[in-house]
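Undergrad: First, the structure itself, so that you have it in front of you.
The values are calculated or read from the model by the stated rules, or taken from the named source; none is laboratory data. The structure displayed is predicted, hence computed values, not measured ones. Positions of Cβ are backbone-derived with ideal geometry, glycine not excepted, and every protein chain shown enters the neighbour counts.
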Amino acid sequence: MSDFTLKGENVHLWRGERHVLHGVHFSVTGGQCLQLTGPNGAGKTSLLRTVCGLAYPEEGHIFWRGEDVRVDLPAFHAQLAYLGHEPPLKMELTARENLHYWVGVRRRLTGRELDGAIERVGAERWADRPVRTLSAGQKRRVALAGLTLMSVPLWLLDEPTTNLDAEGQRLVGRLIDEHLGQGGLAMAAVHHELIISSQGLRRLELRLE
């Protein structure tokens, strides 16, 4: 059984004068995906950014494997992949080149692994085109390929199905299911229900205060 556990305890966050997160508690372990729901402005993205250390909570703590993530943020970052609204891609590079350099700074990547990830997300036909020529959905698929190549236990996903058609949304569900099946865990901010196995799916609804 995986010993990966992510917990939030009494997390409070302000954005200027606005109290965004009000004492949020959560716990997610290996094999589980915590789906964050709630209306716009409820703090879904803010919570993800707080978890990964991009925002600092005024109160409360985030724990990874029992230790406050602030004790050693670089070590924590080495075990997570964060996919935000905009895929982290260079427009003048091809999809294949983007994956080579993006993932390559984290781990050694073989050509077979790269080709396999491209095929896995259905990007073979346009993998060698500059990213600036791709549609928003195609760019999202490239980013998903990068996510699978990171080989990290924790995925933090902000609207992972954005700009994807129905098949793309099912692809996201399959990738998350496979990640959970390998003992990984995920947190995903969503507006629409993820299409994944209900066995590993948990929910946290954030509300406007």
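Undergrad: With the checklist (1) out of contact with any His (no Cβ under 7 Å at 6 or more places or on another chain); (2) in a loop (DSSP other than H, G, I, E, B); (3) farther than 13 Å from residue 29 by Cα in hand, flag the one item residue 162 doesn't pass.
TA: Failing condition for residue 162: (1).
Undergrad: Being more than 30 Å from residue 15 (Cβ to Cβ), surrounded by 13 or more Cβ atoms within 10 Å (Cβ to Cβ), of a type outside the set (Phe, Trp, Tyr) and in the same structural domain as residue 23 (by TED's automatic domain parsing) narrows it down to one of 171, 194, so name that one.
TA: Within the list 171, 194, the selection yields 171.
Undergrad: Looking at the range 44-65, can you tell me whether even one residue there is within 22 Å of residue 195 (Cβ to Cβ) and either at pLDDT below 95 or not aliphatic (A, V, I, L, M) (or both)?
TA: The answer is yes; a qualifying residue exists.
Undergrad: Kindly indicate the residue of the range 99-113 that is farther than 10 Å from residue 150 by Cβ and of a type in the set (Lys, Arg) and also modelled with the highest pLDDT among those meeting that condition.
TA: Step by step, filter the range 99-113, then rank; the result is 112.
Undergrad: Please specify each residue of the range 140-186 satisfying the condition of being in contact with a helix residue (DSSP H, G or I) (Cβ under 6 Å, 6 or more places away or on another chain) and among the charged types (D, E, K, R).
TA: Passing the criteria: only 158.
Undergrad: Select, from 86, 119, the only residue that is surrounded by 12 or more Cβ atoms within 10 Å (Cβ to Cβ) and assigned to a loop (DSSP other than H, G, I, E, B).
TA: Criteria check complete, one pass: 86.
Undergrad: In the set 137, 146, which member is in contact with a Gly (Cβ under 8 Å, 6 or more places away or on another chain), touching a residue at least 24 places away in the same chain (Cβ under 8 Å) and either buried (at least 17 other Cβ atoms within 10 Å of the Cβ) or assigned to a helix (DSSP H, G or I) (or both)?
TA: The conditions single out 137.
Undergrad: Say we look at the range 1-35 and pick out the residues that are in a loop (DSSP other than H, G, I, E, B) and polar (S, T, N, Q); which of these is nearest to residue 194 (Cα to Cα)?
TA: Filtering first and then ranking leaves 32.
Undergrad: Right, another one. Could you tell me whether residue 184 is crowded, with 20+ Cβ neighbours inside 10 Å, of a type outside the set (A, V, I, L, M, F, W, C) and in contact with a strand residue (DSSP E or B) (Cβ under 6 Å, 6 or more places away or on another chain)?
TA: Details: crowded, with 20+ Cβ neighbours inside 10 Å: yes; of a type outside the set (A, V, I, L, M, F, W, C): yes; in contact with a strand residue (DSSP E or B) (Cβ under 6 Å, 6 or more places away or on another chain): no.
It is false that residue 184 is crowded, with 20+ Cβ neighbours inside 10 Å, of a type outside the set (A, V, I, L, M, F, W, C) and in contact with a strand residue (DSSP E or B) (Cβ under 6 Å, 6 or more places away or on another chain).
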